[in-house]
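Read through the structure below, which is laid out as structure tokens, and then see the notes.
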Amino acid sequence: SFGLGENVKFHATSDRDGYLTLVDLGTDGTVTMLLPNQFTPPMKVKAGQSVSFPAEGSDIELPILPPPGRGVVRVFVTPTPLDITIPSGSDFAEGDESFARAIAAAVKKAAGVVDGAVRLDTWATASLVYDIHN
């Protein structure tokens, strides 16, 4: 649970080698790819490695913005970086449901497909549900 204006930091430990992607499904319906972003390129992680975002000493801040409500942060570790372009002049790639579908397609492409289904042995994901209050 977070209050409006608080800054947040994420910590993750990967159980496999790969590239880390962090996506926020915000309380207002906006889907934002937090990592990678304009300032942080695709991040390669090793199994057992812990990472923080924003990194210690980084100038990036992640303030909690309105509206109050419930959101979800998803983290993906895939064998290759997701093929998502960060728009020129933007800090983060973001959009609506169509952007969420683009991320899902990029995860499918990065993970690989066997017999029409996404491989389950090449990637990992985790979710964090959060609440924003006034």
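Any idea what the dipole of the chain comes to, in debye rounded to 20, about its Cα centre with Lys/Arg Cβ at +1 and Asp/Glu Cβ at -1? Can you show the working numbers first?
On the way: 10 positive and 16 negative charges, 93 e Å.
In total the dipole reaches around 440 debye.
Quick one: Cα convex hull volume of the chain, Å³ per residue?
Output value, Cα hull per residue: 109 Å³.
In nm, to one decimal, how far is the L65 label point from the K108 one, both placed 7 Å along Cα→Cβ? Here the answer is 2.9 nm between the modelled labels. Values of log10 I(q)/I(0) for segment 1-43 across q = 0.17, 0.19, 0.22 Å⁻¹ run -0.63, -0.76, -0.96, by the Debye formula with one identical scatterer at each alpha carbon and no solvent. Going by the alpha-carbon gyration tensor, a ≥ b ≥ c the square roots of its eigenvalues, is segment 70-134 rounded (a/c under 1.5) or, if a/c is not under 1.5, prolate (a/b greater than b/c) versus oblate? Since a/c reaches 1.5 but b/c is at least a/b, the shape of segment 70-134 is classed as oblate. Comparing T30, A100, L65 along the charge dipole axis of segment 13-134, the residue lying farthest to the positive side is A100, per the Cβ-charge model. Q49 label point, 7 Å along Cα→Cβ, cut-off 11 Å on backbone N: hits in segment 1-20? Taking a point 7 Å out along Cα→Cβ of Q49, the residues of segment 1-20 whose backbone N falls under 11 Å are 14, 16-20. Average 1/r across all pairs of distinct alpha carbons in segment 56-106, invert it, and you get the Kirkwood radius: 13.7 Å. Here the simple spin-label model places points 7 Å from the Cα toward Cβ, and for I86 and S1 these points are separated by 3.4 nm. Per the 1.4 Å probe, what fraction of the accessible area of segment 57-118, in percent, lies on carbon and sulfur atoms? Taking all protein chains in place, segment 57-118 shows 53 percent carbon and sulfur surface. How far is helix 97-111 tilted off the main Cα axis of the chain, in degrees rounded to 10, range 0 to 90? Orientation of helix 97-111: about 40 degrees from the principal axis. Based on protein heavy atoms only, segment 1-93 ends up with 53 Å² per residue of surface accessible to a 1.4 Å probe.
Farthest towards the positive end of the charge dipole of the chain, among the residues Q49, T122, G89, is the Cα of T122, using unit charges on the Cβ of Lys, Arg, Asp and Glu.
The values are calculated or read from the model by the stated rules, or taken from the named source; none is laboratory data. Because the structure is a prediction, the values reported are computed rather than measured. So basically every Cβ, Gly included, is an ideal-geometry build from the backbone, and we count neighbours across all protein chains shown. Surface areas here come from the heavy atoms of the whole protein model, side chains and all, with no ligands, DNA or RNA. Shrake-Rupley method; radii C 1.70, N 1.55, O 1.52, S 1.80 Å.
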